[in-house]
Amino acid sequence: MLSSRMVAFMSRKSESKTEIAAARVPGQAQRLSLFGPPLLLEGEDAAAYDELLGRICAAVRPADVIDEMFIADIGCLEWEVLRWRRLKRTLMQEIGLKALENFLAGKLDYDLYSERVADRLTKILQHNLPEEHADSAQTLARDYARNGQHAVDTINEVLACINLNMGDIRYDARADKAQELVQDYLRREPDAVKLIDELLTDAGVSMDSFMTKALRDKIDDIERIDRLTTIAESRRNASLHEIDRRRAVLGETLRRSVQEIEDGELVIADGELVIEPTAAEGKNAA
């Protein structure tokens, strides 16, 4: 039988190996490059992928190359799961934000984007007025923004010569202002949040109901992403199950070996440490 001192020594040695293994996790993650480069799309964070592999290694603590093969598969599949979830969120957000922009473009008062109209007109006039009048482009644009009749007549003449009309300029300026408001709303700028909430309230809709209507036409696309996410999750879970199953077999083998050690006696024969059956075992064997 193993003495208590030897058992304690083996336990301390096992704990020491565990600490060393934890310290070498980054090295283990690097060894996974043996199975090929990660399948990253343009713009995806390689450092985040390496961190994911490092954390998986820390949790699983691969014992051999077979475990490392499974970890490489699990890391790739988990990244795919995260990718599909990220793409779903991006799709939903883009659809919702675009719908919000269109909503705002139809609700904004002219005063909220008149400065943008003036800026656009200034640039157009600077490139199309005679050189001697180019310096007055900004003044004309500002007068037009204040509905100055002289400025309106002059600007309409210029726009007619270059096949533009004020409707297009106003539309573009309003769309730019709507986009800016949406970005400010995402950053939770107080003025933008207050304005958009007031416009939604006046229209008799909430943000949730608004987003629901906006996403209604994309439900099929979202459902397809969900199915692909589920497939990736199933494959990842299968790899995790294989690690558990493999370790259960190894654990059972180890338990049998330990039982043989506990039931036998350690002796040295021909310079080697062997397990000698006890007398009871000898009788059972006979």
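Let's test the formula: R0 of 45 Å, r as the Cβ-Cβ distance of Asp168 and Leu82. What FRET efficiency results, to the nearest 0.05? That gives a FRET efficiency of 0.55.
Ignoring ligands, DNA and RNA, how do Met92, Met166 rank by accessible area with a 1.4 Å probe, largest first? List each step's numbers first, then the result.
Numbers: Met92 60, Met166 20 Å².
Ranked from most to least accessible, the order is Met92, Met166.
Going by Cα centres, the stretch 187-207 and the stretch 78-118 are how many Å apart? Spelled out, the Cα-based centre of one part sits 14 Å from the other. In the stretch 167-234, inverting the average of 1/r over every pair of distinct C-alpha atoms gives 14.7 Å as the Kirkwood radius. The calculated FRET efficiency for Leu41 paired with Ala160, based on their beta-carbon distance and R0 = 41 Å, is about 0.25. Gain on full extension, evaluated as 0.36 nm per residue between Gln138 and Ile219 minus their Cα-Cα distance, stands at 24.4 nm. You can think of it this way: the chain between Thr230 and Asp109 has 39.0 nm of extra reach, that is 0.36 nm per residue less the Cα-Cα gap.
Here each label is just a point 7 Å from Cα along the line to Cβ, and for Asp119 and Glu180 those points are 0.5 nm apart.
Val117 exposes around 0 Å² of accessible area when a 1.4 Å probe is run over every protein chain in place.
Ordering Val249, Val81 by accessible area with a probe of 1.4 Å, largest first, what comes out? Write down the numbers at each step before the final one.
Numbers: Val249 85, Val81 0 Å².
Ranking Val249, Val81 by accessible area, largest first, yields Val249, Val81.
Label separation (Ala59 vs Arg247): 1.1 nm, computed from points 7 Å beyond Cα along the C-beta direction. Residues Thr229, Thr139 ordered from highest to lowest accessible area at a 1.4 Å probe: Thr139, Thr229. Given a 1.4 Å probe and the protein chains as shown, Thr253 ends up with an accessible area of around 60 Å².
The values are calculated or read from the model by the stated rules, or taken from the named source; none is laboratory data. Because the structure is a prediction, the values reported are computed rather than measured. Cβ sites come from the backbone with ideal geometry, for glycine too, and all protein chains shown count toward neighbours. Just so you know, the surface numbers come from the protein's heavy atoms only, side chains and all, with ligands and any DNA or RNA stripped out. Shrake-Rupley method; radii C 1.70, N 1.55, O 1.52, S 1.80 Å.
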